[in-house]
1. Specify which of the listed residues (G53, G81) is without any contact (Cβ under 8 Å) to a residue 60 or more places away in the chain, open to solvent by less than 40 Å² (accessible area, probe 1.4 Å), closer than 17 Å to Y117 by Cα and not acidic (D, E).
2. What are the residues in region 138-148 that are touching a residue at least 60 places away in the same chain (Cβ under 8 Å) and within 23 Å of S95 (Cβ to Cβ), if any?
3. Among K115, K125, which is on the phi > 0 side of the Ramachandran plot, at pLDDT 95 or above and open to solvent by 30 Å² or more (accessible area, probe 1.4 Å)?
4. Could you give me the residue pairs with C-beta distances under 9 Å whose first residue belongs to region 126-137 and is under 19 Å from E54 (Cα atoms), whose second residue is of a type in the set (A, V, I, L, M, F, W, C) and part of a loop (DSSP other than H, G, I, E, B) wherever it lies, and which are 6+ apart or on separate chains?
5. Which of the strands (runs of 3 or more DSSP E) found entirely inside region 40-110 contain at least 2 residues meeting this: under 17 Å from A143 (Cβ atoms) and under 22 Å from the mean Cα position of the chain (by Cα)?
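The values are calculated or read from the model by the stated rules, or taken from the named source; none is laboratory data. Because the structure is a prediction, the values reported are computed rather than measured. Here Cβ is always computed from backbone atoms with ideal geometry, including for glycine, and neighbour counts include all displayed protein chains. Areas reflect the complete protein model, heavy atoms only, side chains present, ligands, DNA and RNA absent. Shrake-Rupley method; radii C 1.70, N 1.55, O 1.52, S 1.80 Å.
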Amino acid sequence: MKMTKFAKTILSLGVIFMLIAAISLNLTACKDKEINLSSESKTAVSFKEIGSGEKQFYLTVTYLDKSSDKYSIRTDENTVGGALLKENLILGDKSQYGIMIKSVNGVIADYDKDKTYWAFYVDGKYATNGIDTTEIENGCEYALKVEK
């Protein structure tokens with residue numbers, strides 16, 4: 001079947017139109033991606049680096065007012081509690097169940113006074129072990145949060 005010049009021209013214009021549309025969509029997607037990346041970089045989290053040692057983990061401390069501090073901690077201690085005690089980030093009382101955290105960064109949580117306490121989380125989940133028996137896993141994210 002022989003195509004006329006007119007049909008070839010229409011077909012060529014259709015292909016060109018589809019290419020332009022595909023390029024436009026691609027450029028728009030890239031532009032949106034750049035916007036997302038730049039907005040993420042504005043809210044990038046910076047960790048306060050403390051300690052020294054072979055092991056490294058991350059700690060987020062969240063206070064009752066929802067403000068927080070983030071740490072990248074290096075240590076040679078075996079447990080999270082041992083590392084935080086060594087760096088003077090936590091203070092607590094020893095009990096038959098392990099360390100009962102009373103303060104983090106000097107911020108006291110007192111259940112008897114105002115029903116607040118320091119909760120311990122491992123990778124976003126409420127910890128099933130105490131802070132002083134939780135072995136450090138390199139790169140793991142731990143959290144201490146004041147809860148009521």
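1. G81
2. Passing the criteria: Y142, A143, L144, K145, V146, K148.
3. K115
4. Qualifying pairs under 9 Å: T134/A127.
5. 48-51, 55-62, 68-75
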